[in-house]
Amino acid sequence: MLFPEAMEKVELVVPGDELSDLIDDLAQRGLVHFSISRSSQSHFDELRRKAQEIVQMASELGIGHSEIKELVEVSSWDALLDGYAQRLSSYLSKKKKIEDEIGKVTAQRQKLEQALYYLEAFPPEYDNSAFSSMRSYQHLIFLSQVNLNLSYDSIVAESSKGKIYVVLSKPDLVEKVREDLRKMGAIELPYPDWLDPLAEKAKKKAEEGILELSKLQKQLTELLNSLMQEALPVASQADELSRMLLRSLEVKSGEEFTAKTRLVTGFVRESQIGELLDAAKGFPGVLVYHRKALPSDDPPTLQNLPGIASHFRVVVGSLGLPSYGEVDPTVIAAITFPVLFALMFPDAGQALLLLVLGLFMAKKLKGSLSDLGYVMTLSGAAAFVSGLAFGEFFGLEIHPLAFRIFSWQGTFSLPGTPFSVWSPSASVSLMTQKRIVTLMFLSIGVGIAQMSLGFLLSIVNHVKKGLILRAIGRELPKLILLPSAFGLLVERVSLSGLGLALWAALVIAPFILLYAFPIIDWAFGSGGHLAEEVMDAVESTISFISNSFSYLRLLAMAVAHLALMLVVFVVAWLAYGCFATSPLGWVIFWLVVALGNIAVTAFEALLVFIQGMRLHLYEWMMKFFSGSGHIFSPLSYEGRSVRVVRRLSRGSRLFGE
């Protein structure tokens, strides 16, 4: 009741050939308040970049173009893309790590296989350490299929692949020896000394190493396949969603879309989002994005008002519609407006006239005039109670339930009735002055109570927006300062002892915070312009006084009512005096009183209504209400003459009214 109804922001990515049917279905249901997307181009660019990255990552995972057949519900584009990007990035990281390990294992295996290939040419008894110990010579190993006539020191050994020549050479002749043997057709054999100097052992180690690396390579390959199987459904869905989004984001200024895909944006009541999803399930290829609407989305406002309180929109609506997420004061105004009206219109008889007129307007008229009738009815009912409390009925005195504002001495009672009539000989009682002072404090007290309620609602608005420090630094001091200062002044609390402590805690400290906070806020870089913030504090201080005294109009209107009725009776007595000797005297008297009551009722009801509006709109609602909302208006066929188009098949249509 105190806040507009919660909304969900929705975006529907729709294939172009299904758009008209989807809009038609939604319009029949009356669900969606359609709007032009307010997302900035930079936001679309960021979404496009994220989607392109996801498509690239899916491609790196080996995912081809896939297609999603069923409805996909997305809670947040940004969260969705970020989530997919994080998961795909994790898969790619694991994939690269496994592939790097496979690459290392493959390289090691190839090295061992190459070593084993060379070792096959060596006889098992070959010991490379016998030559490595000859420091003055280097030894070169060659394989030849024919006998070589060498002029160099060498050792010849038979092997399964030919003859092995181990040639001893001084270091400075190594290149010459290598060139000479190559010319003879010999092949140089590098010996894998890093395995083992003895050829038989080296060969065995190579075979064992190849076997172990083959097993490890198989395990890593299975692990990679398992990872890819796990990544496949995620990457496929991420790829398709991203491609669908990229198609929908082929826009200019976030509004013009491609011929194949459309992006439909709007708002749906939170309680009806399930119905929207059910409707979208009937359209293959539709991508539904929805999330809780934020004030920054500029959602429409749907007021959630109970019963008769809804008619007080005619009062609150004069300042605008509450923005989304802002406190809606309509329900509170349905209580406070009649109360303030009653305090300014303390006549039970005239209140009955307003009540009857209000009921007639409420039942017979439509629209705003009907709402105004309900407001008049409640205000008249409240004024009837205040009239009984202050003891007045069509200007005649009756026994008050509380006390009379003006106590007259010298009035005369009408025989057989509870009414007393003012007479020219009547005089004001001495108690009247004291009651006027009491009513002055009461009027200001009522005003301070209502303004304090405004400060409290402002704190609520700030908290809902996440502006906690601003609520504490700017609005809370006002809430404490104003009623505390009034209470301490009324009770005449002294500036000594406990009284001084109360003044310091409840008045001085909030006053200092009110002016210190803008400086602190500005110093930490979170506030606006310092001069504007300080001037706002100064304006608040001035408004404390001006707005408080503005509520004296409650007493002023009540006194004005009594003064007007006094004029009516003065005129009535003058008219009576003109016909005092005639039987028409009293007829003329009561006729003037009746006409005077009608005139006073009409004039004063209008005046009091205007003053009540001012107190609510300016003194109260300006403390917390922006009135910048726009009404929730879903596209609907209800109540409209609509030409319905039904698609029978592609290329044929059925038209009907």
Within the stretch 574-592, residues being loosely packed, with under 15 Cβ neighbours inside 10 Å and modelled with pLDDT of 85 or more number 4
Select from the stretch 306-324 the residues that are outside any helix (DSSP H, G or I) and surrounded by fewer than 20 Cβ atoms within 10 Å (Cβ to Cβ) and list them in ascending order. Pro306, Gly320
Tabulated pairs, the stretch 287-305, first among the basic types (Lys, Arg), second part of a strand (DSSP E or B), C-beta under 6 angstrom, 6+ apart or interchain: Arg291/Lys9
Top-ranked residue in the stretch 100-144 [being without any contact (Cβ under 8 Å) to a residue 24 or more places away in the chain, part of a helix (DSSP H, G or I) and among the charged types (D, E, K, R); ranked as surrounded by the most Cβ atoms within 10 Å (Cβ to Cβ)]: Lys111
In the stretch 378-408, what residues are in a helix (DSSP H, G or I) and open to solvent by 20 Å² or more (accessible area, probe 1.4 Å)? Leu378, Ala381, Ala382, Phe384, Val385, Leu388, Ala389, Phe390
Selection count, the stretch 181-215, where residues are part of a helix (DSSP H, G or I) and either under 17 Å from Glu113 (Cα atoms) or without any contact (Cβ under 8 Å) to a residue 24 or more places away in the chain (or both): 19
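Would it be correct to say that Val571 is free of Cβ contacts under 8 Å to residues at least 12 places away in the same chain, more than 56 Å from the chain's Cα centre (by Cα) and open to solvent by 30 Å² or more (accessible area, probe 1.4 Å)? Give the steps one after another, and end with the answer.
Values: free of Cβ contacts under 8 Å to residues at least 12 places away in the same chain: no; more than 56 Å from the chain's Cα centre (by Cα): yes; open to solvent by 30 Å² or more (accessible area, probe 1.4 Å): yes.
Judged against the criteria, Val571 is not a match.
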Residue list for the stretch 395-413, restricted to those being of a type in the set (Val, Ile, Thr) and modelled with pLDDT of 65 or more: Ile398, Ile405
The condition from (1) open to solvent by 40 Å² or more (accessible area, probe 1.4 Å); (2) modelled with pLDDT under 90 that Leu562 misses is numbered (1)
Here's a check for you: in the stretch 216-245, which residue that is surrounded by fewer than 16 Cβ atoms within 10 Å (Cβ to Cβ) and under 20 Å from Ala58 (Cβ atoms) is modelled with the lowest pLDDT? Pro233
Residue in the stretch 273-288 that is in a loop (DSSP other than H, G, I, E, B), open to solvent by 10 Å² or more (accessible area, probe 1.4 Å), at pLDDT below 80 and β-branched (Val, Ile, Thr) present: no
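A quick yes/no check of all residues on (1) open to solvent by less than 60 Å² (accessible area, probe 1.4 Å); (2) under 37 Å from the mean Cα position of the chain (by Cα); (3) among the hydrophobic types (A, V, I, L, M, F, W, C); (4) within 16 Å of Ile444 (Cα to Cα):
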site	(1), (2), (3), (4)
Asn461	yes, yes, no, no
Gly466	yes, yes, no, no
Ile472	no, yes, yes, no
Pro477	yes, yes, no, no
Ser484	yes, yes, no, yes
Leu488	yes, no, yes, yes
Val493	yes, no, yes, no
Ala504	yes, no, yes, no
What tally of residues in the stretch 290-305 results from selecting those that are open to solvent by less than 50 Å² (accessible area, probe 1.4 Å) and either assigned to a helix (DSSP H, G or I) or at pLDDT 85 or above (or both)? 8
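Taking the stretch 517-553 on its own, how many of its residues are in contact (Cβ under 8 Å) with a residue 12 or more places away in the chain and either assigned to a helix (DSSP H, G or I) or open to solvent by less than 30 Å² (accessible area, probe 1.4 Å) (or both)?
First pass over the stretch 517-553, keeping only residues in contact (Cβ under 8 Å) with a residue 12 or more places away in the chain: 517-521, 526, 530, 533-534, 536-537, 540-541, 544, 547-553.
Restricting the remaining residues to those that are either assigned to a helix (DSSP H, G or I) or open to solvent by less than 30 Å² (accessible area, probe 1.4 Å) (or both) gives 517-521, 530, 533-534, 536-537, 540-541, 544, 547-551, 553.
Total meeting the criteria: 19.
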Failed item in (1) out of contact with any helix residue (DSSP H, G or I) (no Cβ under 9 Å at 6 or more places or on another chain); (2) under 30 Å from Ser633 (Cα atoms); (3) modelled with pLDDT of 80 or more, with Gly103 passing the rest: (2)
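What number of residues within the stretch 22-43 are at pLDDT 75 or above and either β-branched (Val, Ile, Thr) or open to solvent by 50 Å² or more (accessible area, probe 1.4 Å) (or both)? Outline the logic, then answer.
Within the stretch 22-43, the subset at pLDDT 75 or above is 22-34.
Imposing the further condition that a residue be either β-branched (Val, Ile, Thr) or open to solvent by 50 Å² or more (accessible area, probe 1.4 Å) (or both) reduces the set to 23, 28-29, 32, 34.
Total meeting the criteria: 5.
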Flagged pairs (Cβ under 6 angstrom, 6 or more apart or on separate chains; first in the stretch 76-98, closer than 19 Å to Ser59 by Cβ and among the β-branched types (Val, Ile, Thr); second open to solvent by 60 Å² or more (accessible area, probe 1.4 Å) and part of a helix (DSSP H, G or I)) are Ile98/Leu223
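Looking at this structure, is Pro190 open to solvent by 50 Å² or more (accessible area, probe 1.4 Å) and not charged (D, E, K, R)?
Details: open to solvent by 50 Å² or more (accessible area, probe 1.4 Å): yes; not charged (D, E, K, R): yes.
Criteria met by Pro190.
The values are calculated or read from the model by the stated rules, or taken from the named source; none is laboratory data. Only a predicted model underlies this, so the values are computations on that prediction, with no experimental measurement involved. FYI the Cβ positions are ideal-geometry reconstructions off the backbone, even for glycines, and counts take in every protein chain you see. Heads up: the accessible areas ignore ligands, DNA and RNA and are worked out on the full protein's heavy atoms, side chains in. Shrake-Rupley method; radii C 1.70, N 1.55, O 1.52, S 1.80 Å.
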